[in-house]
Amino acid sequence: MVSNIFILAFLWYASGKTVRYFLSNKATLVARLIKTVEVIAVNGKNEPIETPNGKFYAEEYQLPKVFVDYINCAKVNFNQESVGCGEFMPKGHELLFPKYELPSEVSNIVKCLDTKTNPLSPEEVVAFFKGYNENQGEDEKLETMPVKFERHYLSEFQELVTLKDDGSGFAVVEWNSAGPMSGNMAILANLQSPVDVKYLHEKKAPTIEEVARWIFRK
């Protein structure tokens, strides 16, 4: 589901020309970019990313800030005191959004994304964003930054998520309204509340479209 949201973000942020000349013709390339982000998040700082062009380490890559934040949210400490004593890990199951019919451009990319999809090399990632930005307006070009690993704590998140009792989806609960990290990132990273929802204030969950449109416009 997260990969679909990332693909939707590329689609909805794109200009008409970017959709026509890049996204519609580069389904495999977009799938490989998403795969690269996923593999970096899983491998972390010390495990190299294997690509057809060789092995590379995460900090050799440059990605949009939201992807770097997502990578850093693969492991989140409960608080500063818990550092070195284990980490608060997102649950393994996938969060459920209401049924959503993907646009045809996204469906084509999703079909290219599977366990056999190869990550991109750092140079190929640079070329990807150069190609994406070619037909974007000056204020709509996607900027990238080096992948740097930072420690995050649950207290930084404005909201967290929790599964609904009936298993039909998820609820968003208020956690720390003054935190610098949006609840949308908690949704993407599947950061679930350690406190039962009945003790917290439940908020209206965003739609898959709202989360996807937030990614490059936050």
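I want to confirm something. Restricting to region 116-132 and keeping residues that are part of a helix (DSSP H, G or I) and of a type in the set (Val, Ile, Thr), which single residue is farthest from Lys55 (Cα to Cα)? Spell out the reasoning first.
First pass over region 116-132, keeping only residues part of a helix (DSSP H, G or I): 122-132.
In the following step, the residues that additionally are of a type in the set (Val, Ile, Thr) were identified as 125-126.
Values: Val125: 14, Val126: 16 Å.
Restricting to residues being part of a helix (DSSP H, G or I) and of a type in the set (Val, Ile, Thr), the top hit is Val126.
Consider region 131-141 and keep the residues that are of a type in the set (D, E, K, R) and under 20 Å from the mean Cα position of the chain (by Cα). The one that is farthest from Ala31 (Cα to Cα) is Glu140.
Of all residues in region 42-71 being closer than 24 Å to Tyr132 by Cα and of a type in the set (D, E, K, R), which is surrounded by the most Cβ atoms within 10 Å (Cβ to Cβ)? Within region 42-71, the match that is surrounded by the most Cβ atoms within 10 Å (Cβ to Cβ) is Asp69.
Remark: pairs (first residue in region 195-218, exposed (fewer than 13 other Cβ atoms within 10 Å of the Cβ); second residue not in a helix (DSSP H, G or I); Cβ separation under 7 Å; 6+ apart in sequence or on different chains) = His201/Val173; His201/Glu174; Lys218/Ser182. Residue count for region 172-218 satisfying the condition of being of a type in the set (A, V, I, L, M, F, W, C) and farther than 27 Å from Glu143 by Cβ: 7. Taking the stated definitions as given, is Val42 of a type in the set (Val, Ile, Thr), closer than 21 Å to Asn190 by Cα and modelled with pLDDT of 85 or more? Yes.
Note on region 133-148: among residues that are touching a helix residue (DSSP H, G or I) at 6+ places or on another chain (Cβ under 9 Å) and in a helix (DSSP H, G or I), the one that is surrounded by the fewest Cβ atoms within 10 Å (Cβ to Cβ) is Glu140. Just name the residue that is farthest from Glu38 (Cα to Cα) out of those in region 164-211 that are among the β-branched types (Val, Ile, Thr), at pLDDT 90 or above and more than 13 Å from the chain's Cα centre (by Cα). Applying the filter and picking the extreme gives Val173.
Put simply, of Asn43, Asn53 the only residue that is out of contact with any strand residue (DSSP E or B) (no Cβ under 9 Å at 6 or more places or on another chain) and of a type outside the set (Val, Ile, Thr) is Asn53.
What number of residues in region 105-125 are farther than 15 Å from Lys26 by Cβ, at pLDDT 85 or above and surrounded by fewer than 18 Cβ atoms within 10 Å (Cβ to Cβ)?
From region 105-125, those farther than 15 Å from Lys26 by Cβ are 114-116, 119, 121-123; that's our starting set.
Next cut, at pLDDT 85 or above only: 114, 116, 119, 121-123.
Those still in the list that are surrounded by fewer than 18 Cβ atoms within 10 Å (Cβ to Cβ) too: 114, 116, 123.
Qualifying residue count, region 105-125: 3.
The values are calculated or read from the model by the stated rules, or taken from the named source; none is laboratory data. Everything quoted here is computed from the prediction, not taken from an experiment. Note: ideal-geometry Cβ built from the backbone for every residue, glycine included; neighbour counts use all protein chains shown.
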